Every structure is written in C-alpha cells, then in structure tokens.
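First comes the structure, then the notes that go with it.
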Amino acid sequence: FLLEQVLSFALPYPIANLQRFGESQRLVSAEGDLLRLLPTAGGERLLRLRYEDCGPWLEKALVAGEDRKFWTHSGVDFPAIVRAAVLNVRRGRVVSGASTLTMQLVRIVEPRPRTLWSKAVEVFRARQLERLLDKKSLFEHYISLVPIGGNLRGFEAAAWTWFGKRSKELTPREAATLVAMLPAPSRRAPDRSPAELLRARNEILERMYRCAYLDRAELRQAQRAALGTRRRQFSFLAPHASDWRLALARRAGEEGAVIQTSIRLDLQRRIEKIVADDKGSSVDGLAVLVLDRGSAEPVAMLGSRDWRRIQFNTCLSRRSAASTLKPFLYALAMSQGVARSDGLILDAPLVFADYTPANQSEDFVGLLESGEALRSSRNLPAIRLLQRVGVTAFRDLLYQLGLPVGHEHRHLDLALGSLAVSPLELGRAWCRFGSASLPKAIDLRARDRVLAMLRQLSPDPAVVPEGKVAWNTGTSTNRRDAWTVGLTKHHVLVVWLGRLEGRGSPELVGIETAAPLFARIAAILP
C-alpha cells in the first residue's frame, strides 16, 4: 500500500484523459427531440450518459456480464485474477482476463499492447481511479466511453443505432444484446454475426438470472426472443433549420453538448407533408417560414422542397419584397393622419420624369377604399401615400422594423417593394409590426386598423376561417417572386416561391401561387 501511494504521487493519474474523446453535439427541437447528432473531432458518435439515465437493465446486464463485484471492489478483483490465471494455465491459452469495469475503463482511455506489464499498469491505474472518483462517476465514464463497434462509442449511441431508443428504455434482452457485443463489437455486430451475438446475449441473460435479476420465466421469454436489432441512421430532421442554427452556434462559439432550437418538430413535419403534396407550382425555389410572434424565432423552416436536392436555404436569401411592405406604409400613413381606414384613395396614373409606375393588373379603378386598395395590392395608391408620408420617414420605419434598407438614398419605388429582403428578415419585421413594442412612428390603433383590414378576407375560405389570419400578397416586377405573408394570433407565416436563378415565370403571382400554399399551412397553425 505504501509503494502504491509513492507511485501515485510520482505518477498521478491523468484524469483529463477521461475527456479525450469529447462528446457529440446534439441539436434538439423545442420539445427536446433529437434533430441532428454531430460527430466528435475523432469522427465518432458519442453521447455522454448519466447514471440516472442509463436505466435499470443496462446496469444489471453490464454488472452480471462483465463485473459482478463492481460496486464493492476497489478497482481490482484479485480472486478473479487468480481464478483466471489458473484457468488460462490449464487451457494453455487466454480464455479469461478478469478485468473489472474500472480496469477496462483504464484500457479504453490509455490503450496498450495486451501484455503482462500492461495488465500490471491497468491494475495500478484502476486503483488510482477508484481513489479519485466514486463508483457512480466511474460507471458513467465507462458506459459513455466504451467502444460499441464502428464509429459508435458508449451505450447511448449504440441503443439509438440498434434499437432506436434511449438506454433507459432498453428491455432486459436489448440491454444484454449490447453488453454481449463488448468483447468484439465489430465482429459481433448484429448485421455481421447475428448467430454468435445471439448465443452471447443468451449467456448474458443466464448470468442475469444467476444474479437474481430475472426469474426463470423472464429468462426463458428473453432467450426465445429474436435479437430485434436494425441499424438505424441518427436523426436528420428539419435540415435547413438545423444548418442555420448550427451556423449561428459556430459563429457564437457555442461549445455545449446540447444546442437548443426553437423548432416545433410536429409542426415542421406537418408543413413538410403539405409542401411535399403541393402541386400548385413547378418553380424550383420555395421558402416556408413560421415564426413565433413573441420571440420572432422560427418554429418551422423549409428552405427548399427537398434538402437532398437543394441544400441552399432560400429563407436566408434576399429577393424583391414586392407588396409585402405595403401594410407598414398604410400604418404609417394612418398614424400621420394622411389616410383613414374608411377613407378613399385614388388609383390613377402617375408620370414622373424617368418613372411611370403601373399596377400589376395594368389597369386603374379610380377612387376606392383604403382597405380594398391594400388588400388588392394596388401600386398607384401606395405611391401616392408614400409621396405624402415621405420616403425618408418610410425608410426609417423599415429600418426600425429590422429590414436591410442600408444607407443609400431611396425612391418612390420603395412602396412597391424594390427593397430586397429575405423571408427571415421579412418575417421578423412582421413580428415587430404585430408586437406591442411598435416603432414610435406607428400608432398602435393605426396598426390594429391595418391588421383588421387584412383580416377581412380569407386566403381560402374552404380551409381558413375568415378573421384567423391578417395576410398580404406580393408579386415582384417581371413575376420573379411570389409572396404571401401574414400573422395569426401566435405566429407569423411567410411563403415565397420563385426561380433560384432569378428569372421570371408567368405562374409567379402571389395571390395565385403562394396564397393557396399559405392557406393550407395557416389552417394548421394553432
């Protein structure tokens, strides 16, 4: 014992080595569902596992199969070493190593050639570890770091891969299957040597019975069951949102094991199904974004119809805003007293020295109510309002709403959406517009009147009740972009359709192309 103390002082255990494998970062949904599991720096899938989360059967299978005296010995089971030595001499070969879980942990962290000298070092290091850490911590390190074949390290990653569940959800036979892989995880992989693994699993179950963890009936039932394994890929969900969130995490230097997102997985999946079933447009560009009105964070995000074909995230790409900014202009005009919700506004030609604006429909209707002019996205009334409120005032408002107006001079075409915005920027601007903390330039009552005007019609009465959503459409010049954006009680929804290369298309009209898809998604928003 004195010699051991002296050696430990001279050769302290490198406790930092227990962290040498790192840990896979997990990207999780708002509810905690796994969206993506990133490999460690060594290319492995490693999920650290707490003792409380390993479940009862993994502990029992591991102790029964590998180290019955784990909770009582001091790192080394000397009687077992003697028995193993005698057995190995009798057989003329190594048939038992008598390594405790603590000794195996030492070997995992500091691999050495399998020699007698290495075994002596393992004994010494195991004794050191037992003095440094309590049994619970040792057990946690072991179940987190033990290699389970391929690029899997630890039982949590193995449980996800082979059974599609967490360690704490494993049944006795499933836990025994994973423990049975330990001596040779690659050779005994379920998809490589199922018969050998089945025999080893049943031996582990027999040991669990001898330890009184199972009764005879449970043993027989478990041994008769098939392996029940199937290699599964780790979750790869909400891919555009996950890519975006990971990019933010890298820029912010987030190093935690868990990266939280605001994505609501059930809503994300339902929207993905709606988009997959949508046959209303043949263009290759699509963005669907749902934001929580309170936080302005995405709860669902699709940057294309299929991430596997188009990984480019159009939710972050700037395109002409078209008429989606007009509600802000009308609210500003009403706040200044130059327009009224029940007033009339002129839709008639305007001619400037180098600019002749027109309506999308290429006609003029004369006097009409403000609400009708806004809902039908008439361009000439919007330009007249912008003349009255001033381009600078409108530009400042857009800046306060978080839109990228820049510092350059703006012109009257700002009323028609000449500003380039991304769906994410536009959605967050609508969140601010719908919040209680409005920019000072907008009166709260004026904002509410504008939203009431936009609620008077449904984008599709067959699926969306009138009054549920305040919405607006937009179609950019030469029909390059089709937009529909709006807000419900709790969410802001943005739908954009267009060609990725920027060319126009006859089908790209907001009310005809984007609005039907918008309506089907708005119908499922709580």
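Structure values in brief
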{"quantity": "Pick from segment 171-203, criterion surrounded by fewer than 24 Cβ atoms within 10 Å (Cβ to Cβ) and of a type in the set (A, V, I, L, M, F, W, C), ranking: farthest from K60 (Cα to Cα)", "calculated": "A195"}
{"quantity": "Index of the failed condition, L325 passing every other in (1) closer than 25 Å to L444 by Cα; (2) out of contact with any helix residue (DSSP H, G or I) (no Cβ under 9 Å at 6 or more places or on another chain)", "calculated": "(2)"}
{"quantity": "Complete set of residues in segment 125-137 that are closer than 13 Å to F9 by Cα and surrounded by fewer than 19 Cβ atoms within 10 Å (Cβ to Cβ)", "calculated": "R131, L132"}
{"quantity": "Sole residue being of a type in the set (A, V, I, L, M), in a helix (DSSP H, G or I) and farther than 23 Å from V290 by Cα, chosen from L426, L414", "calculated": "L414"}
{"quantity": "Checklist (1) in contact with an Asp or Glu (Cβ under 9 Å, 6 or more places away or on another chain); (2) at pLDDT below 95 applied to L403, failing item", "calculated": "(2)"}
{"quantity": "Residue list for segment 239-268, restricted to those being closer than 19 Å to S295 by Cα and in contact with a helix residue (DSSP H, G or I) (Cβ under 8 Å, 6 or more places away or on another chain)", "calculated": "A241, W244, I259, T261, I263, Q268"}
{"quantity": "Matching residues in segment 424-451 - criterion: being out of contact with any Lys or Arg (no Cβ under 8 Å at 6 or more places or on another chain) and open to solvent by less than 50 Å² (accessible area, probe 1.4 Å)", "calculated": "L424, L426, G427, A429, W430, A441, I442, A446, R447, V450, L451"}
{"quantity": "Verdict on R378 being among the basic types (K, R) and closer than 16 Å to L416 by Cβ", "calculated": "yes"}
{"quantity": "Extreme residue, farthest from P526 (Cα to Cα), among residues of segment 474-490 that are touching a strand residue (DSSP E or B) at 6+ places or on another chain (Cβ under 8 Å) and open to solvent by 20 Å² or more (accessible area, probe 1.4 Å)", "calculated": "T477"}
{"quantity": "Within segment 334-364, tally of residues that are at pLDDT 85 or above, polar (S, T, N, Q) and out of contact with any Asp or Glu (no Cβ under 7 Å at 6 or more places or on another chain)", "calculated": "2"}
{"quantity": "When residues of segment 9-23 are limited to those that are of a type outside the set (K, R), under 29 Å from the mean Cα position of the chain (by Cα) and over 16 Å from E130 (Cβ atoms), the one most open to solvent (accessible area, probe 1.4 Å)", "calculated": "Q19"}
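Yes/no per residue for (1) outside any loop (DSSP other than H, G, I, E, B); (2) surrounded by 17 or more Cβ atoms within 10 Å (Cβ to Cβ); (3) on the phi > 0 side of the Ramachandran plot:
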{"residue": "W244", "(1), (2), (3)": "yes, yes, no"}
{"residue": "A247", "(1), (2), (3)": "yes, no, no"}
{"residue": "I259", "(1), (2), (3)": "yes, yes, no"}
{"residue": "Q268", "(1), (2), (3)": "yes, yes, no"}
{"residue": "I271", "(1), (2), (3)": "yes, yes, no"}
{"residue": "I274", "(1), (2), (3)": "yes, no, no"}
{"residue": "K279", "(1), (2), (3)": "no, no, no"}
{"residue": "V290", "(1), (2), (3)": "yes, yes, no"}
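The values are calculated or read from the model by the stated rules, or taken from the named source; none is laboratory data. Worth saying up front: this structure is predicted, and the values here are computed from it rather than measured. Using ideal geometry, Cβ is built from the backbone for each residue, glycine included, and neighbour counts are taken over all protein chains shown. Remember, those area values only see protein heavy atoms, side chains included, never the ligands or the DNA or RNA. Shrake-Rupley method; radii C 1.70, N 1.55, O 1.52, S 1.80 Å.
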